[in-house]
1. Given the residues ALA160, ALA168, which is the only one that is open to solvent by 60 Å² or more (accessible area, probe 1.4 Å), modelled with pLDDT of 90 or more and either basic (Lys, Arg) or farther than 30 Å from PRO112 by Cβ (or both)?
2. In this structure, does PHE63 turn out to be touching an Asp or Glu at 6+ places or on another chain (Cβ under 7 Å) and either at pLDDT 95 or above or of a type in the set (A, V, I, L, M, F, W, C) (or both)?
3. State yes or no: is ILE9 open to solvent by 70 Å² or more (accessible area, probe 1.4 Å), hydrophobic (A, V, I, L, M, F, W, C), in contact with a helix residue (DSSP H, G or I) (Cβ under 6 Å, 6 or more places away or on another chain) and modelled with pLDDT under 90?
4. Kindly indicate which of VAL184, VAL195 is open to solvent by 50 Å² or more (accessible area, probe 1.4 Å) and either assigned to a loop (DSSP other than H, G, I, E, B) or on the phi > 0 side of the Ramachandran plot (or both).
5. Is it the case, given these coordinates, that VAL153 is open to solvent by 90 Å² or more (accessible area, probe 1.4 Å) and either modelled with pLDDT of 95 or more or closer than 25 Å to CYS62 by Cβ (or both)?
6. Does MET77 fit the bill of being touching a helix residue (DSSP H, G or I) at 6+ places or on another chain (Cβ under 9 Å), open to solvent by 50 Å² or more (accessible area, probe 1.4 Å) and either assigned to a helix (DSSP H, G or I) or basic (Lys, Arg) (or both)?
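The values are calculated or read from the model by the stated rules, or taken from the named source; none is laboratory data. Treat the numbers as computed from the prediction; the structure is a model and nothing was measured. All Cβ positions, even for glycine, are placed from backbone atoms using ideal geometry, and neighbour counts span all protein chains on display. These area figures cover heavy atoms from the full protein model, side chains too; ligands, DNA and RNA do not enter into them. Shrake-Rupley method; radii C 1.70, N 1.55, O 1.52, S 1.80 Å.
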Amino acid sequence: PYSPSYQPIDPTLLTEAKVKEVHTTIRKAIWSFGPPWRRFFSKLLAPLPHLDVVRQLFPDACFIHIIRDGRMTANSMLKLCQREIEQQDRYAIHGKIIRKSGQYFIPYPRFPRLKEYLDIYGILDIRTTAHLWNDAIDYIDSIKSSFDNYYEVKFEDILANPHHEVSAILKFCSLNSVPPESRVFWEKIEGVGVVGHLNHYEGFEMVEEICASNLRKFGY
């Protein structure tokens, strides 16, 4: 009852024609928003286990790693997955998608041990998402020193000082700074992390047990 597990991408498949095809797709996405032409920004989880391949496709790309407390991230991933399953159930009821009973698309990054975690713990288990947070941190730590355009910042630091951290990110991306009088922009930034609902997050002790080393490394 889950989608296919991790499949490594063979770099030899990145032929000149394939790379051109990917670049054309991105250009079309940018073009569809109309002028002035902007940079392409992606926060999708799907490419996360393949950042080394993404770097080959886009050697001038900027990589921004926003690290969030693993206890909160593991719960947030569970929440996202639950809502995804509920949405797929609604579509199936109305005949908008066809799938076998109990089979869902799972919105988790396809790290090598994903299928193992799903088999052992299940889809909606905090231990599955805790292990995935750990795997993500370990993977990025193993490759980040080889990236020329890599920036790392803690999610909590952005919330604590949004003006400073957002300005630093803009500078890293070689984008113009936003003047203080741009009220609309900074009011949006001040709203980052402000939610009008209450999250019932739990399972912190299990996450701490699984992710102890990486949680300590980043001061959590």
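1. Values: ALA168 fails: open to solvent by 60 Å² or more (accessible area, probe 1.4 Å).
The unique qualifying residue is ALA160.
2. Details: touching an Asp or Glu at 6+ places or on another chain (Cβ under 7 Å): no; either at pLDDT 95 or above or of a type in the set (A, V, I, L, M, F, W, C) (or both): yes.
Here the answer is no, as PHE63 does not meet what is asked.
3. On the way: open to solvent by 70 Å² or more (accessible area, probe 1.4 Å): yes; hydrophobic (A, V, I, L, M, F, W, C): yes; in contact with a helix residue (DSSP H, G or I) (Cβ under 6 Å, 6 or more places away or on another chain): yes; modelled with pLDDT under 90: yes.
Taking the combined requirement at face value, the residue satisfies it.
4. Numbers: VAL184 fails: either assigned to a loop (DSSP other than H, G, I, E, B) or on the phi > 0 side of the Ramachandran plot (or both).
Answer to the check: VAL195.
5. Numbers: open to solvent by 90 Å² or more (accessible area, probe 1.4 Å): no; either modelled with pLDDT of 95 or more or closer than 25 Å to CYS62 by Cβ (or both): yes.
Judged against the criteria, VAL153 is not a match.
6. For MET77, the condition - touching a helix residue (DSSP H, G or I) at 6+ places or on another chain (Cβ under 9 Å), open to solvent by 50 Å² or more (accessible area, probe 1.4 Å) and either assigned to a helix (DSSP H, G or I) or basic (Lys, Arg) (or both) - is not met.
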